[in-house]
Amino acid sequence: MLQVPFIRENKALVIERLAKRNIDANQMITDVIVFDEERRQIQTELDNTLAESNSLSKEIGNLYKSGEAQKANLLKEKTTQLKQVSKELTEALNNKSEALKELLYKIPNIPNEVVPRGNSELDNEEIFKEGDIPVLHEGALPHWELAKKYDIIDFELGNKIAGAGFPVYKGKGARLQRALIAYFLDKNTGAGYTEYQLPHMVNEASGIGTGQLPDKEGQMYHITEDNLYLIPTAEVPGTNIFRDVVLNESELPVGITGYTPCFRREAGSYGAHVRGLNRLHQFDKVEIIRVEHPSKSYEALDGMVSHVKDILKELKLPYRILRLCGGDTSFASALTYDFEVFSTAQDRWLEISSISNFETFQANRLKLRFKNSEGKNELAHTLNGSSLALPRVLAGILENYQTENGIEIPKVLQPYTGFNIID
RNA sequence: GGAGAAAUGGCAGAGUGGUCGAAUGCGGCAGUCUUGAAAACUGUUGAGGGUCACACCUCCGGGGGUUCGAAUCCCUCUUUCUCCGCCA
């Protein structure tokens with residue numbers, strides 16, 4: 001959620017930046033400013049009414065004490081009137097605040113200066129590329145066929161037990177998953193992140209805190225009986241650790257990491273692009289989350305990017321980094337870098353990590369602040385990124401490491417898997 | 001799931017209708033003393049909004065109500081604790 005004072009003081013800039021997302025925000029931003037103006041005016045009126053009412057009540061108390069009940073009763077009539085006025089004002093204030101809030105919930109974060117204007121993935125900028133694309137042997141297979149051939153992932157079985165998009169990992173496939181999780185977590189804790197195990201369901205307040213609710217309700221599985229949501233990413237429980245928290249400046253930066261399964265409804269997805277592990281309802285992911293001082297958050301973003309680069313380099317997977325255009329940058333993000341690994345057998349790039357700086361957008365909703373050097377509470381910056389999303393890394397490994405004799409295991413993973421080939 | 005108790009400032013813990021944003025203790029901060037530290041003593045110390053600064057408003061788990069006036073009374077929700085049941 002954008003901050004109203006910022007909008008008020010930077011109206012033109014906000015509109016201009018939102019245009020990078022191809023949004024004409026003129027009307028919305030004008031409304032925000034007007035609503036806020038009205039809201040504050042009502043607030044002032046209400047405050048004054050309450051102040052008068054309070055002082056009269058005190059007076060009444062004193063009059064009763066000194067036995068002047070008659071005078072007191074006279075004043076009572078006045079306070080009764082004031083009460084009616086303040087009731088109406090309170091209602092007006094609530095309506096106005098609610099309208100303002102609803103409006104603010106609809107406005108996405110303003111993209112950073114460097115974000116290119118654009119609509120779709122076609123407008124994303126490739127900013128880095130590394131790793132050689134292997135030349136595969138004759139008859140190389142896409143990962144879903146490899147999965148079948150070596151009996152390591154069973155899509156039909158998952159379909160039977162739960163439905164499409166819930167694969168079952170078996171044998172060396174399951175072990176490879178576990179190895180990846182352990183390896184990622186070790187890399188992250190090695191880089192200073194604290195490991196967490198988080199709830200896989202969250203309440204409504206958490207969904208609102210990180211921006212999934214109220215707008216993107218349909219993307220999460222909702223357990224209506226208990227009004228809980230299955231997490232679409234560890235970002236939700238992880239970032240909500242800091243909801244309603246005031247940190248000391250000296251506690252910054254905070255870095256946490258956690259492995260969780262992620263659940264996504266992916267309503268409306270279908271076709272060849274969702275084959276195999278490409279798009280699932282349940283998948284595993286290791287996430288990194290940072291809380292940063294506003295002056296350090298972009299440095300931190302760069303740090304996260306090189307951290308993930310390092311992992312992909314160790315895995316020896318060909319990958320590239322994209323700077324997302326405005327239209328492709330997620331609702332809450334100001335700047336997002338996507339990592340994509342090349343799926344050789346499918347001949348396409350697969351997104352495996354998305355690293356974003358949300359600046360104060362989430363912090364404003366979360367009320368995540370720190371005491372700055374002046375002793376004032378200031379909104380912190382939040383960032384997060386995947387390190388990494390498992391299925392597509394797995395797809396990348398299966399496809400890029402396949403040989404005629406089987407699928408080789410990247411060197412760094414062998415201590416975790418306990419085997420060096422899937423055959 | 002059943003029965004009971006509770007929820008107050010960073011923590012502990014008073015407060016059962018008006019002068020309570022809240023005693024007291026601990027902790028924190030500043031100072032005195034000290035070569036320095038500790039101890040002792042003195043002062044200070046919740047949050048949000050609002051203002052140039054004051055004033056002023058809001059907040060005693062959340063929401064609603066009674067009353068001129070609520071931390072205090074009523075309703076409701078949530079959470080925690082104890083006992084019983086169940087259970088990985």
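The values are calculated or read from the model by the stated rules, or taken from the named source; none is laboratory data. Being a predicted model, the structure only gives us computed values, none of them experimental. Neighbour counts run over all protein chains shown; Cβ positions are idealised from the backbone, glycine included. Ligands, DNA and RNA are stripped out before the accessible areas are found, and what is left, the full protein with its side chains, is counted by its heavy atoms. Shrake-Rupley method; radii C 1.70, N 1.55, O 1.52, S 1.80 Å.
Overview of results
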{"item": "Residue that is nearest to A:D24 (Cα to Cα) [pool: residues in the range A:86-119 that are within 12 Å of RNA strand B (Cβ to nearest atom) and open to solvent by less than 70 Å² (accessible area, probe 1.4 Å)]", "result": "A:S97"}
{"item": "Residue in the range A:38-47 that is in contact (Cβ under 8 Å) with a residue 60 or more places away in the chain, of a type in the set (D, E, K, R) and within 16 Å of RNA strand B (Cβ to nearest atom) present", "result": "yes"}
{"item": "Which numbered condition A:G276 fails, given (1) over 29 Å from A:V135 (Cα atoms); (2) at pLDDT below 95", "result": "(1)"}
{"item": "Residue in the range A:130-139 that is within 30 Å of A:L322 (Cα to Cα) and either within 16 Å of RNA strand B (Cβ to nearest atom) or open to solvent by less than 20 Å² (accessible area, probe 1.4 Å) (or both) present", "result": "no"}
{"item": "Residues satisfying the stated conditions in the range A:172-203, i.e. crowded, with 17+ Cβ neighbours inside 10 Å, in a helix (DSSP H, G or I) and in contact with a Ser or Thr (Cβ under 8 Å, 6 or more places away or on another chain)", "result": "A:K172, A:R175, A:L176, A:A179, A:F184, A:L185, A:K187, A:N188"}
{"item": "Test for A:D226: is it open to solvent by 70 Å² or more (accessible area, probe 1.4 Å) and assigned to a helix (DSSP H, G or I)", "result": "no"}
{"item": "Whichever residue in the range A:140-150 is out of contact with any Gly (no Cβ under 6 Å at 6 or more places or on another chain) and of a type outside the set (A, V, I, L, M) and, among such residues, is most open to solvent (accessible area, probe 1.4 Å)", "result": "A:K148"}
{"item": "Residue selected from the range A:65-79 under the condition more than 58 Å from the chain's Cα centre (by Cα) and in a helix (DSSP H, G or I), by the criterion nearest to RNA strand B (Cβ to nearest atom)", "result": "A:K65"}
{"item": "Criterion violated by A:E130 - all others in (1) of a type in the set (D, E); (2) over 30 Å from A:Q402 (Cβ atoms); (3) in contact (Cβ under 8 Å) with a residue 40 or more places away in the chain satisfied", "result": "(2)"}
{"item": "Helices (runs of 4 or more DSSP H) wholly inside the range A:304-423 that include at least 1 residues being in contact with a His (Cβ under 7 Å, 6 or more places away or on another chain) and outside the structural domain of A:K20 (by TED's automatic domain parsing)", "result": "A:361-366, A:390-400"}
{"item": "Complete set of residues in the range A:116-127 that are in contact (Cβ under 8 Å) with a residue 24 or more places away in the chain and more than 14 Å from A:K309 (Cα to Cα)", "result": "A:P116, A:R117, A:G118, A:N119, A:S120, A:E121, A:D123, A:N124, A:E125, A:E126"}
{"item": "Residue identified as hydrophobic (A, V, I, L, M, F, W, C) and at pLDDT 90 or above among A:V115, A:V85", "result": "A:V115"}
